[in-house]
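Here the structure comes first, spelled out in structure tokens, and everything after it is commentary.
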Amino acid sequence: MNPDGTLNRGALPAIFNPEDLNALELALQLRERYGGSVCVLTMGPPQAAEVLREALFRGADSVILLTDKCFAASDTLATSYILSQAIRKIGRFDLILCAARQ
């Protein structure tokens, strides 16, 4: 934990959570069946690049890491807003798959 009570994400290992792996697998299956490309987008500390490397290894065509100190301690509302703005900036897409934990 940080002194201010927030989670120190930089001290945690970057891992692919099961829900995200399911979304990636579905995206890869859809690409195989219908064509297109798979881009994986995540927001996190620089260590999240390890997860993106794994996404490329598993078959993603491209990856994007959103990382900035101003994103630190973002709650779900802030995170969803930041991700939505990145998606708008990317532009054209046919389908967006998101993974969520229960």
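Values quoted throughout were computed directly from the atomic coordinates according to the rules given, and no laboratory measurement underlies them. If you're wondering where the values come from, they're calculated on a predicted model, not measured in any experiment. Cβ atoms come from the backbone with ideal geometry, glycine included; neighbour counts cover every protein chain shown.
Summary of values
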{"quantity": "Karplus-derived HN-Hα couplings along region 47-60 (A = 6.51, B = -1.76, C = 1.60, θ = phi - 60°), whole Hz, x at Gly and Pro", "calculated": "4, 5, 4, 4, 5, 5, 4, 5, 4, 5, 4, 7, x, 4"}
{"quantity": "For the chain, average projected area of the Cα convex hull in nm²", "calculated": "7.0 nm²"}
{"quantity": "5 angstrom amide H check on Leu66, placed H, neighbours 5+ away", "calculated": "Thr42, Met43, Gly44"}
{"quantity": "Selection from Thr67, Ser84, Ala99 lying farthest towards where the dipole of the chain points positive, charges on Cβ", "calculated": "Ser84"}
{"quantity": "Loop chymotrypsin sites (Phe, Trp or Tyr not before Pro), region 24-102 (other Cβ atoms within 10 Å of the site Cβ: 15 or fewer; DSSP)", "calculated": "Phe93"}
{"quantity": "Computed FRET value (nearest 0.05) for Ser62 with Asn2, which takes r as the C-beta separation and R₀ as 25 Å", "calculated": "0.20"}
{"quantity": "Loop-located trypsin sites (Lys or Arg not before Pro) in region 52-102 whose Cβ has at most 14 other Cβ within 10 Å (DSSP)", "calculated": "Arg92, Arg101"}
{"quantity": "Point-to-point label distance, Lys69-Glu25, nm (Cα→Cβ direction, 7 Å offset)", "calculated": "4.0 nm"}
{"quantity": "Inter-site label distance for Ile15 and Ala100 at 7 Å from Cα along Cβ, in nm", "calculated": "2.3 nm"}
{"quantity": "Karplus-derived HN-Hα couplings along region 62-74 (A = 6.51, B = -1.76, C = 1.60, θ = phi - 60°), whole Hz, x at Gly and Pro", "calculated": "8, 9, 9, 10, 9, 9, 6, 4, 6, 7, 4, 6, 5"}
{"quantity": "Full-extension gain in nm, Ala49 to Ser84, via 0.36 nm per residue minus C-alpha separation", "calculated": "10.6 nm"}
{"quantity": "Gap separating the Cα centres of region 14-28 and region 38-72, nearest whole Å", "calculated": "12 Å"}
